[in-house]
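The next block holds one structure in the form of structure tokens; read it before the comments.
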Number of protein chains: 2
Amino acid sequence: MKWNLAIAAFCAAPTLCAQSQPEPNALPLMPWPASVIVQSGSVPIDGSFSISLSGAGSTDPRIKAAVERIPIRLTRQTGIPITLRMIPGGQSATLNIIVESKDHKAPQRLGDNERYSLQSSNRGVKLSADAPLGALRGIETFLQLVGQNTTGSPGFSVGAVTIQDSPRFPWRGLSLDVSRHFIPLENVKRTLDGMAAVKLNVFHWHLSDDQGFRIESKKFPKLQGNGSDGMFYTQAEVRDLLAYARDRGIRVVPEFDMPGHAASWLPGYPQLASGPGPHEILRTPGVLTALIDPTKESTYKFMDGFIGEMAKLFPDEYFHIGGDEVDPKEWRASRTIQAFMKKKGIADTKALQVYFNSRLLKIVTKHGKRMEGWDEVLQPNLPKNIVIQSWRGQESLWQAAREGYKGILSAGYYLDLMQPASQHYAIDPLVLPPARKAQLEKQNKPVPQELNAEEQKNILGGEAAMWEELAIAENLDAKLWPRLAAIAERFWSVQSVTDVNSMYARLRTTNYWLEWLGLTQRSNLELMRQRLAGSAPVGALDLFASVLEPVKGYSRHPEKYSSTTPLNRLVDSIPPESDAAREFNEEVLNFLHSTSNGPDALIQKLTMWQENANAILPMLKNNSLLTENVPVAEAMIQLCEIGKEAIASRTGKGALRPEASAIVAKLSERQGDLLIKIAPGIQNLVEPGL
Amino acid sequence: MKWNLAIAAFCAAPTLCAQSQPEPNALPLMPWPASVIVQSGSVPIDGSFSISLSGAGSTDPRIKAAVERIPIRLTRQTGIPITLRMIPGGQSATLNIIVESKDHKAPQRLGDNERYSLQSSNRGVKLSADAPLGALRGIETFLQLVGQNTTGSPGFSVGAVTIQDSPRFPWRGLSLDVSRHFIPLENVKRTLDGMAAVKLNVFHWHLSDDQGFRIESKKFPKLQGNGSDGMFYTQAEVRDLLAYARDRGIRVVPEFDMPGHAASWLPGYPQLASGPGPHEILRTPGVLTALIDPTKESTYKFMDGFIGEMAKLFPDEYFHIGGDEVDPKEWRASRTIQAFMKKKGIADTKALQVYFNSRLLKIVTKHGKRMEGWDEVLQPNLPKNIVIQSWRGQESLWQAAREGYKGILSAGYYLDLMQPASQHYAIDPLVLPPARKAQLEKQNKPVPQELNAEEQKNILGGEAAMWEELAIAENLDAKLWPRLAAIAERFWSVQSVTDVNSMYARLRTTNYWLEWLGLTQRSNLELMRQRLAGSAPVGALDLFASVLEPVKGYSRHPEKYSSTTPLNRLVDSIPPESDAAREFNEEVLNFLHSTSNGPDALIQKLTMWQENANAILPMLKNNSLLTENVPVAEAMIQLCEIGKEAIASRTGKGALRPEASAIVAKLSERQGDLLIKIAPGIQNLVEPGL
């Protein structure tokens, strides 16, 4: 059966082979568990599949819901019709779930026990957890272990393995902006499916921003009425989503960003504004200077009502008030605000925000919540139970931790920057990035000391963040997945799990696996490219696109876009990271660094891409939405030609044109909003030093 | 803009060019309208899209629902955020819909007016219909006309065109078996979406058979209780589906097959049985000999109750009682039945079915319905308002028509036979298939005369049929689409629209277009193949599979399958028809019949398939569900080799092995459940006569 064979390759004594470090050909588990011991044997997964439940915690409604999902998911993963067959606890089923205690009260809380152990053998699978959350996590591990037999009868099985697992950090989140582009509930739900699958446990719902107020307030209906263009979640939908999240072991933390990022509050309630207006939601990306007025008592009365309403709706103990990126222009311009500051002895606008936050803190606390905010909310005299979410980085986060505040890291985990998984994977909340360290040293600035064990406890984990300026429901899954799974591993697995090759190998399988949850990272992009191809088969465009990536960071110039700009171009229809290009670039290095790797495979690929780019030029010219990519195809043709020349030159079969390096450098730059990601490999081929 | 350029190629005077016959590069309309005149100009489809409604019929709730779907569908088709913008009727919108009258009463009836005309120009689109149904049909035509600009600014438009359209037949259906494998409601709904898109108007719901009773009866709850393994539609779901169908201009005709195909009635109500039992639903394909007992009065009392209940639930005027394939074994074996026949003077079991049908007819009529049944129900003295559905063929159907009965053709339209679209497309309810005619002539049997004009009126149309022995929800879409669109054209378009090349060209675009409705004919098969490929990228398996087809007819031996046999093999994950193979086989003919077509493209393809089949052998061997396909890959390698040899021999560059023809003939046969569909092309290459 599958796993035994796979493991045999690198593990001489299987029964004793603990994989605390996953190898590139490790089991396709992501995040990698704390301890994995591969053994001999396997249990078939077929139509006779059954489940037993035992332990005091097994009556938890989350367990019941999770157990009901298992046969549905197994059916999808295997194509075998599997129905729910429960066997009385104590008797032997295929999957025996033991949940020791039901110590969790609703709502799920930060730090709830997620530990589980899983043991599979020829006799079946035993999944033990201290409490319900651990069982949910273990069920996902079980489902990841289901694989096709490599020998013997056609079918699926789970190889024998002993796993002990618990998370490194208790706060493992995704922050999703639904303001810049609205994301319908069904898409949010499948995002939660994916999060649960990779053991993320906090959904941070960025519900308001300058571009839209996305939740129904019954107390202040003009918030969504005038601030959302009709695109918002009703409270019934929110309750539905909250139940959905709870069933999957995910906390939901709402964020209402203020006093900045708050333009969408003002069309309905201009009395909250610091400036004179006119008040409109922003229909372009960016941040407005519109601020909530912190000097009026009526503001706090409103917030008391609003936060009270939302605090009742959202059961989580944390409540995020944003607090980032306040441009004090309006506060400086307002005579009444200036007078208020003078009267109260508030020295500057920063102190005014401190005043605002202190007032908000009281309201949040009054309604039974702990406050969360971005770096900027950190100020002296805050209670230690607040949580700081750092978009600025480890230094800011560590500073808070040293002062005794709890914090989570988001810097380095911004998925909208279109960076490769490896880059996010390298970021650790407890490690200063080497580049930053080098920068500080170069600037003769002090390098912050690492946190001591006690301070480290204040680092609760991290949150990936997806800002939606250039993402829409149609391509959201592809913007999140599979990279989010690599970040989830960073938050769950022990710090030493850092092998990038293993990560990419497991990420690929995990990406396929996630599709059985209904995620559309491949299928929707394919449809989008078919739309571009029109009546023609999409294969050639797929191949062309397979080595392209969107430009990185914010260099796509979001300011060129309004909220109604169609995001239907080639750049919108490709994943953030090209696997084909990464693999090619690695193969180039293998060719350059080892005599045992011949150039044939490289030449074949370059020829294929070159011929294909030539062949689709007519399609690019004849489909108006593709025409902008004609120069990309031309650049690709040239790059491939130079790559082949470079190989010919290195193998003594031809000459490389002298200007090759300069041309490749030029073609490595952005072509429109795209990067030809095989350019770095070709650059290596032409560099004489390598 | 797109259409003008496309049309220019074959239409010298665009404004006068009526396309009653679609050319291969015609507009991507399917079914082809009665009259199409392409003109100059176009109207952009962008974020400013608007709709106006006018005419007495525009207040029909179906129009409102259809209009609300338009922006959603346009957004998907174009990637442009389009919201519903209504402009007062009379003022100019992008799409101006005029519905003259609201003469349709609920429920939709056979023959309701579906005529529409559509005129588009630079100024906008005018869609006029006599009545609401026509507007629904015209909206689909409008949506099919939306295409990407080929020149000018990036975006979408509708080219100028004048279309007059109405259907050839008033009854254009799909019969869907949900008994052999249950099909969840959401899949049925998207099937209706697809049907409406290609202007089909009857959904024939085959709700009961030996393998399962799939609808809730409140009067006789043991029907679904003991006869469905829990897989049935509740009446609330049925009502939901009926509303969904009505919104899309589709009638729903329920079928309850009896007295045969009726095993699933009997576990709950054994008193209906002719035989002694034991009574169980059939968990394998095939037909049981279990029959309903036509001799007990209690049977008719039961049927009166049941049909009464269902007649209330289903608003359509037709009610299908099945009546096919009665094996009279039980009737012959039963002493009480034999005694009854003797007493009543019923000569044989065929006459007994006539008696049963007559009694059913009274019940069906009493509950306000017209009876429909398969060929076998035809008997003397039936009222002329019944409808015969013919699975036997034109002769049987024409016979009924000559006798004054209405009929629809299903023979030739069985989608489960895995035949190519061209084969179904060639079948016409009013034309005897040439092969049948030749057969009759050879046997010296009389060839039936064609129907005269009056008799032809009795042919209401046809129904494609999808039997589910070897189809499941996961691959249902791929079993239906795109072939069903070709059949829909046969039922809608004028008889002379028969060009196969045009059909295939438009079918391809229609297939892509249908995916925007959520149909999964490509994406689900891709997922199924990814499941087979496991952790490896699926591309190589896709390429391998792209020239394979499932074996035809019922030669896959359904008897090997039970209702729980996994349908997760390669044969389940490929479309019924290989486009790549069909194109290759055509290219072979072009090469053989024209000196201007060189062999390079053929050699390239053969090399690609051969290398790929070699490359995936390890995957086939290492994934237990794929192992059975090792001989297929080996056969493909050999076929490609021989194909290249044959080309070399024809171009004087090599010799063809003498046994080539015999080998190819052998490899043209089924390999397991698969056919290598490039074999016919290769056979042509090796035949010396060609």
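Let me spell it out: the conditions are (1) open to solvent by 40 Å² or more (accessible area, probe 1.4 Å); (2) touching a Phe, Trp or Tyr at 6+ places or on another chain (Cβ under 9 Å), and A:Lys366 meets all of them except one. Which number is the exception? Unmet condition: (2).
Within the span defined as segment A:386-398, one or more residues are at pLDDT 95 or above, among the hydroxyl-bearing types (Ser, Thr, Tyr) and either exposed (fewer than 13 other Cβ atoms within 10 Å of the Cβ) or not in a helix (DSSP H, G or I) (or both). The conditions of being open to solvent by less than 40 Å² (accessible area, probe 1.4 Å), farther than 17 Å from A:Lys105 by Cα, in a loop (DSSP other than H, G, I, E, B) and assigned by TED's automatic domain parsing to the domain that holds A:Gln108 are met by A:Ile80. The condition (being open to solvent by less than 10 Å² (accessible area, probe 1.4 Å) and among the aliphatic types (A, V, I, L, M)) is satisfied by just one residue among B:Leu266, B:Leu313, B:Leu282: B:Leu266. Specify the residue that is farthest from B:Leu136 (Cα to Cα); the eligible residues are those in segment B:172-200 that are in a loop (DSSP other than H, G, I, E, B) and open to solvent by less than 10 Å² (accessible area, probe 1.4 Å). Step by step, filter segment B:172-200, then rank; the result is B:Ser179.
The set of residues in segment A:532-553 that are hydroxyl-bearing (Ser, Thr, Tyr) and at pLDDT 95 or above contains only A:Ser546. When the criteria are applied in full, B:Thr349 fails the requirement of being closer than 21 Å to B:Pro315 by Cβ and among the hydroxyl-bearing types (Ser, Thr, Tyr). Looking for something among the hydroxyl-bearing types (Ser, Thr, Tyr), open to solvent by 30 Å² or more (accessible area, probe 1.4 Å) and either at the interface with chain A (Cβ under 10 Å from one of its Cβ atoms) or at negative phi (or both) - is there at least one such residue anywhere in segment B:550-559? Checking segment B:550-559: at least one residue is among the hydroxyl-bearing types (Ser, Thr, Tyr), open to solvent by 30 Å² or more (accessible area, probe 1.4 Å) and either at the interface with chain A (Cβ under 10 Å from one of its Cβ atoms) or at negative phi (or both). Among what's in segment A:643-669 and is of a type outside the set (A, V, I, L, M, F, W, C) and touching a Gly at 6+ places or on another chain (Cβ under 9 Å), pick the residue that is surrounded by the most Cβ atoms within 10 Å (Cβ to Cβ). For segment A:643-669, the residue satisfying everything is A:Gly643. Any residue at all in segment B:375-383 that's in a loop (DSSP other than H, G, I, E, B), of a type in the set (S, T, N, Q) and open to solvent by less than 60 Å² (accessible area, probe 1.4 Å)? For segment B:375-383, residues in a loop (DSSP other than H, G, I, E, B), of a type in the set (S, T, N, Q) and open to solvent by less than 60 Å² (accessible area, probe 1.4 Å): present. Being farther than 30 Å from B:Trp513 by Cβ, assigned to a strand (DSSP E or B) and either in the same structural domain as B:Ile139 (by TED's automatic domain parsing) or in contact with a strand residue (DSSP E or B) (Cβ under 9 Å, 6 or more places away or on another chain) (or both) is the requirement here; does B:Ser208 meet it? Considered against the rule, which asks whether it is farther than 30 Å from B:Trp513 by Cβ, assigned to a strand (DSSP E or B) and either in the same structural domain as B:Ile139 (by TED's automatic domain parsing) or in contact with a strand residue (DSSP E or B) (Cβ under 9 Å, 6 or more places away or on another chain) (or both), B:Ser208 comes out as yes. For segment B:152-171, the set of residues classified as more than 9 Å from chain A (Cβ to nearest Cβ) and either within 30 Å of B:Gln456 (Cα to Cα) or open to solvent by 10 Å² or more (accessible area, probe 1.4 Å) (or both) consists of B:Thr162, B:Ile163, B:Gln164, B:Asp165, B:Ser166, B:Pro167, B:Arg168, B:Phe169, B:Pro170, B:Trp171, listed by residue number. Within segment A:105-122, the set of residues being open to solvent by less than 50 Å² (accessible area, probe 1.4 Å) and assigned to a loop (DSSP other than H, G, I, E, B) comprises A:Pro107, A:Gln108, A:Leu110, A:Asp112, A:Asn113, A:Glu114. For segment A:472-496, a tally of residues being open to solvent by 10 Å² or more (accessible area, probe 1.4 Å), touching a helix residue (DSSP H, G or I) at 6+ places or on another chain (Cβ under 7 Å) and of a type in the set (S, T, N, Q) returns 0.
For segment A:211-230, which residues satisfy the criterion of being outside any loop (DSSP other than H, G, I, E, B) and of a type outside the set (Lys, Arg)? Correct list: A:Gly212, A:Phe213, A:Ile215, A:Leu223, A:Gln224, A:Gly225, A:Asn226, A:Gly227.
How many of the residues making up segment A:342-363 are without any contact (Cβ under 8 Å) to a residue 12 or more places away in the chain and either outside the structural domain of A:Leu382 (by TED's automatic domain parsing) or crowded, with 18+ Cβ neighbours inside 10 Å (or both)? Total meeting the criteria: 1.
Screening the candidates B:Gln419, B:Gln449 for the property of being part of a loop (DSSP other than H, G, I, E, B), open to solvent by 30 Å² or more (accessible area, probe 1.4 Å) and closer than 27 Å to B:Asp579 by Cα yields one hit, B:Gln419. Scanning segment A:496-540 for residues that are more than 10 Å from every other protein chain (Cβ to nearest Cβ), more than 18 Å from A:Leu567 (Cβ to Cβ) and assigned to a loop (DSSP other than H, G, I, E, B) yields A:Ser496, A:Val497, A:Thr498, A:Asp499, A:Leu517, A:Gly518, A:Leu519. Considering segment A:430-446, and only residues there that are assigned to a loop (DSSP other than H, G, I, E, B) and either in contact with a Pro (Cβ under 9 Å, 6 or more places away or on another chain) or over 20 Å from A:Ser493 (Cα atoms) (or both), the residue that is most open to solvent (accessible area, probe 1.4 Å) turns out to be A:Asn444.
Determine whether segment B:68-77 contains at least one residue that is more than 14 Å from every other protein chain (Cβ to nearest Cβ) and within 29 Å of the chain's Cα centre (by Cα). Yes, because at least one residue in segment B:68-77 is more than 14 Å from every other protein chain (Cβ to nearest Cβ) and within 29 Å of the chain's Cα centre (by Cα).
Could you list, in sequence order, the residues of segment A:123-151 that are within 14 Å of chain B (Cβ to nearest Cβ) and assigned to a helix (DSSP H, G or I)? Within segment A:123-151, A:Leu143, A:Gln144, A:Leu145 qualify.
When we screen A:Ala290, A:Ala311, A:Ala339 for residues that are assigned to a loop (DSSP other than H, G, I, E, B), in the same structural domain as A:Arg239 (by TED's automatic domain parsing) and small (Gly, Ala, Ser), the only hit is A:Ala290. Going by the conditions given, is B:Ala453 touching a Leu at 6+ places or on another chain (Cβ under 6 Å) and away from chain A (no Cβ under 14 Å)? Judged against the criteria, B:Ala453 is not a match. For segment A:215-236, residues that are open to solvent by less than 10 Å² (accessible area, probe 1.4 Å) and either within 26 Å of the chain's Cα centre (by Cα) or not assigned by TED's automatic domain parsing to the domain that holds A:Leu185 (or both) total 3. Kindly establish whether B:Leu606 is at pLDDT 95 or above and either within 14 Å of chain A (Cβ to nearest Cβ) or over 33 Å from the mean Cα position of the chain (by Cα) (or both). Here the answer is no, as B:Leu606 does not meet what is asked. Kindly indicate whether B:Pro31 is away from chain A (no Cβ under 12 Å) and crowded, with 22+ Cβ neighbours inside 10 Å. The answer is yes for B:Pro31. You will find that of B:Ala333, B:Ala339, the residue that is open to solvent by 30 Å² or more (accessible area, probe 1.4 Å) and farther than 23 Å from B:Val287 by Cα is B:Ala339 and no other.
The values are calculated or read from the model by the stated rules, or taken from the named source; none is laboratory data. The structure displayed is predicted, hence computed values, not measured ones. Backbone-built Cβ (ideal geometry, glycine too); neighbour counts: all protein chains shown. In case anyone asks, the SASA skips ligands and DNA or RNA and just uses the protein heavy atoms, side chains included. Shrake-Rupley method; radii C 1.70, N 1.55, O 1.52, S 1.80 Å.
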